[in-house]
Amino acid sequence: MAKYLVEKSGPLRGEVEISGAKNSVLPILAATLLADGPCEIRDVPALRDVDVMCKLLRQLGCKVSEDFRKKIVTVEPPAALQNEAAEELAIRMRASILAMGPLLAKTGRAKFPLPGGCAIGARPVDLHCKGFEAMGATVELGDDYVEARARKLVGGKVYLDFPSVGATENIMMAAALADGISTIENAAEEPEIIDLANFLNKMGAKIKGAGTATIRIEGVPTLHGCGHTVIPDRIETGTFMLAAAITGGDVLIRNVIPDHVRAVIAKLLECGVSIEDTDEGMRVRGDVKPLVATNIKTMPYPGFPTDLQSPFMTLLAVAKGHSVVTETVFEDRFKHIGELNRMGAEIRINDRKASVEGGQPLHGAKVMATDLRAGAALVLAGFMAEGVTEVGAIHLVERGYEDFVEKLTALGGKIRRVEE
Ligand code: UD1
């Protein structure tokens, strides 16, 4: 098992290049299943989740070639796709469910194992299923699988009870090949939805309204292969903005779309961080004023992203003052708090709110990455802690951050990856 050893570091300084967005490339790779020809996806980050998606595409019958030196993945779907996902791949990554919509639309049937069975239950895919049913599919939900069938999907209307990113993407992909017009109301508005819609439209789909709460999809009989460059990762961007801010550093972040991180910019400005948009990229300085506390509440886009809740909590643990963090997107996304508290932070949980008494001195400890972003939060805390912080379960971090150690080291962060 590998772990990170992190030491107290001075202010991070220098330049960092943001990679292509994990949450864009995964649905886009899934969408290649819809094409009748090869697709070339560019700016693909070398991540474990991308690797799992490529393996899944291969298992379904696609020819996939990965050139991570050039950051290009090429996918060529076969004439006849497999329509059952292999369990060992599907359970490794929740995003594998994104292949379900395209498979259903293309082959008339898709069967996917569900991660974790009953304990997680029907809830995590109920909105995806609601969309498939609205397009005339019959959906069967077993204890540990979901199966959908439809000889031909037909245009339908679906209202999402919550603007789920994955459900919006799955329904949009399936509807692209349905007979007639589909609409998704209360759709997710994340930039990754727009990126996917742009890709699908390049393939010949007719999608309007992506990035708003109402998406209209006019189905077409076939989609062709095409090339596409994925957008920069806004969560990686936010993580490096926080790294600069927390350490009192000065970092120029390249390959950024500032519009995608508006909520993060607003909150960092409230904390006293200086942010400047330049021709070269975004310059983030934490060395202008002392950090002060603020409250954050996670929400669907354009609200504050849940994926940056834990790294932002590290900043609030370091900043002077009291703050409250409210998590509204996921029910159980406070597992990093116990780990931050082991490093000396003073954070109390009350249901979906966490109260942070900021400004406590942090010290090194043995901690575990409880999820991908929590791992990043602990690394950032390690830069501010006396002594050595050992972060375990870093395979989770490697699911979503490309060259994390190399990028942080280049900025002066003291972090090493060691095999136990
Ligand atoms: C995506 C992102 C993930 C991010 C999340 C929220 C990818 C690959 N992952 O995940 O990084 O944290 O958006 O921004 O893009 N829900 C249901 N029923 C459903 C589907 C979702 O109740 O059928 C609930 C979930 O349990 C959760 C909430 O909706 O509480 C948001 O989930 P969703 O937006 O679907 O997240 P993902 O697409 O899985």
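General remarks:
- A 1.4 Å probe over all protein chains sorts Tyr301, Tyr4 by accessible area into Tyr301, Tyr4, starting with the largest.
- Over the chain, volume per residue of the alpha carbon convex hull, in Å³: 123 Å³
- Solvent exposure of the chain as accessible area per residue, Å², 1.4 Å probe: 39 Å²
- Taking the DSSP beta bridges with both ends in the chain, the antiparallel portion is around 70 percent.
- By a 1.4 Å probe calculation restricted to protein chains, Asp307 has an accessible surface near 30 Å², given to the nearest 10.
- Sorted largest first, extent of segment 276-395 alpha carbons per principal axis (Å): 41, 33, 32
- Rg/Rh for segment 329-420 stands at 0.97; both radii use Cα atoms, and Rh follows the Kirkwood definition.
- Summarised as an ellipsoid, segment 1-89 has semi-axes of 32, 16, 9 Å, derived from the eigenvalues of the Cα gyration tensor scaled by 5 and square-rooted, with the largest first.
- Distance between segment 290-324 and segment 27-85 - C-alpha centres, whole angstrom: 36 Å
- Residues in segment 307-333 that a label on Ala266 would reach, taking backbone N under 15 Å of a point 7 Å out along Cα→Cβ: 326
- Estimated at the nearest 10 Å², the accessible area of Val158 is 10 Å² with a 1.4 Å probe.
- Most to least accessible of Arg352, Arg92 (protein chains only, probe 1.4 Å): Arg92, Arg352
- Cα-Cα separations in segment 10-162 greater than 19 Å, expressed as whole percent: 56 percent
- Highest to lowest packing among 358-364, 188-194, scored as the average C-beta count within 10 Å: 188-194, 358-364
- Stretch gain in nm, segment Arg416-Asp277, where the contour uses 0.36 nm per residue and the Cα spacing is subtracted: 46.9 nm
- Heavy-atom accessible surface of segment 133-230: percent carbon and sulfur, 1.4 Å: 49 percent
- Under 19 Å from a label point set 7 Å out along the Cα-to-Cβ vector of Thr212, the amide N atoms of segment 129-173 belong to 156-160, 163-164, 168-169, 172-173.
- Ordering of 101-110, 276-285 by packing [mean C-beta count within 10 Å, highest first]: 101-110, 276-285
- Percent breakdown of C-alpha pair distances by 5 Å bin, ordered from the shortest bin, for segment 71-113: 5, 21, 27, 24, 18, 5, 0
- Net lengthening on full extension, Val288/Lys70 (0.36 nm per residue, minus Cα-Cα): 74.7 nm
- Cut-off 14 Å between beta-carbons: net charge of the residues surrounding Ala263, Lys and Arg +1, Asp and Glu -1: -1
The values are calculated or read from the model by the stated rules, or taken from the named source; none is laboratory data. Computed from a predicted structure; not experimentally measured. Using ideal geometry, Cβ is built from the backbone for each residue, glycine included, and neighbour counts are taken over all protein chains shown. Just the protein is used for accessible areas: all its heavy atoms, side chains included, with ligands, DNA and RNA removed. Shrake-Rupley method; radii C 1.70, N 1.55, O 1.52, S 1.80 Å.
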